[in-house]
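Here is the structure we will look at.
The values are calculated or read from the model by the stated rules, or taken from the named source; none is laboratory data. The structure displayed is predicted, hence computed values, not measured ones. Don't worry about glycine lacking a Cβ; one is built from the backbone with ideal geometry, like all the others, and counts go over all protein chains shown. Only protein heavy atoms, including side chains, enter the accessible area calculation; ligands, DNA and RNA are left aside. Shrake-Rupley method; radii C 1.70, N 1.55, O 1.52, S 1.80 Å.
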Amino acid sequence: MKRVKRTDLALELTGEAEEKGVSLEEGIIDGVEVHTVTVSKHGEKAIGKSAGRYVTLHCGDCSSSQLASAAAKCLRTFLGRIAGWERIMVVGLGNDSITPDSLGSATVKKIPATAHLTHIKEFRELGMRSVIVLETGVMAQTGIESTDQLYYITRYLLPSAIIAIDSLACSEYDRLASTIQLTDTGIALGSGVSNRRKRLTESTVGVPVIAIGVPTVIDLGNIAPDQDKRGLMVTPQDIDLCIRKYSDIISSAVNSVVNPELTAEEINSLLF
């Protein structure tokens, strides 16, 4: 019986594409190896991923500054296709009480909210952009689907786009806690661990959704088939350090894109 891959990474599914409509390109950005998967509407069925672009950064021996710079360039490209992105909502998804699922929460704590400062003189003088920062929690904590929360908040606050940050699942061990995926397709919440919730996409919340994530768990059956225990996920022993590292990298990338005029000192002064 063929095992179904449980993964959020489009790159891990391209080898299974038997239909046209899925392309793969390789490249280098700031010394970081990059794979870009482009899925057309025709290719959605082939790999089970929404049409759009999926960019995977391979961390390897790259420094955090290299990775942050490469991630920022990819994010800037995605946002550059959105006209007049003056107000951005940055959302941390996941459960901050469970370390492997806390990437979103840990990251947004390092991204300053600035939407409440638009009335002050320094806002324009510093060339700041309006940024809304949210942590949604998970349904078991709030009783509300994250997508539903964001739908109603988005309708009221009218951001140009959402940047959603979340922990992911992979199916290949060498990508565990060693890759960063950025996509302009939004995110299928919980799909990598077979806990499907409402998709967070432009069609469900009304504005473009750019998702950034790092695989922090892998299905045990993918690395030890003879020890297959359905539903048992494995995470790195040093997952707390991984979360700290990648939350630093991703927050640095986001901050440099949404408010590039702010210095590190100014960013820290705005954090609470």
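Most mobile of 220, 176, 241 per a Gaussian network model of the chain (Cα springs, under 10 Å)?
241
Would you mind pulling out the separation of the Cα centroids of region 236-272 and region 66-83, in Å?
Between the Cα centres of region 236-272 and region 66-83 lies a distance of 15 Å.
Using only Cα atoms, find the angle between the long axis of helix 146-157 and the longest principal axis of the chain, and express it within 0 to 90 degrees, rounded to the nearest 10.
The angle comes out at about 20 degrees.
For the chain, what does the helix formula give at 222 nm: sum of -39500 (n - 2.57) over DSSP H segments with n ≥ 4, over the residue count, nearest 500 deg cm²/dmol?
For the chain, the value works out to -8000 deg cm²/dmol.
Taking 7 Å along the Cα-to-C-beta vector as the label spot, tell me the residue 155-residue 224 distance in nanometres, rounded to one decimal.
4.8
Let me check against my output: what whole-number percent is the relative contact order of the chain, with C-alpha pairs under 8 Å and at least 6 apart?
It comes to 22 percent, rounded to a whole number.
Can you pull the one-decimal nm distance between simple spin-label points at residue 173 and residue 82, each 7 Å off the Cα toward Cβ?
3.8
What residues qualify as long-range amide H neighbours of residue 33, i.e. H under 5 Å apart, gap of 5 or more or another chain, H built at 1.01 Å from N?
Close amide H contacts, sequence-distant or interchain: 58.
Take the Cβ-Cβ distance between residue 119 and residue 232 as r, set R0 to 51 Å, and report the resulting FRET efficiency rounded to the nearest 0.05. List each step's numbers first, then the result.
Numbers: r = 52 Å, r/R0 = 1.01.
After rounding to 0.05, the efficiency reads 0.50.
Skip the ligands, DNA and RNA, and give the accessible area per residue of the chain with a 1.4 Å probe, whole Å².
Result: 48 Å² per residue.
Relative to the longest principal Cα axis of the chain, at what angle does helix 64-79 sit, 0 to 90 degrees, rounded to 10?
Approximately 80 degrees, to the nearest ten.
Please give the per residue volume of the convex hull enclosing the alpha carbon atoms of the chain, rounded to a whole number of Å³.
133
Taking only Cα atoms, what is the 0 to 90° angle, nearest 10, from helix 239-258's long axis to the longest principal axis of the chain?
That works out to roughly 50 degrees.
Using the Karplus equation 6.51 cos²θ - 1.76 cosθ + 1.60 (θ = phi - 60°), what ³J(HN,Hα) coupling, rounded to whole Hz, does each residue of region 204-211 give in order, writing x for Gly and Pro?
These are the phi-based 3J(HN,Hα) values: 9, 10, x, 9, x, 10, 9, 10 Hz.
Using a 1.4 Å probe on the protein chains only, how many percent of the accessible area of the chain belongs to carbon and sulfur?
So the carbon and sulfur contribution to the accessible surface is 52 percent.
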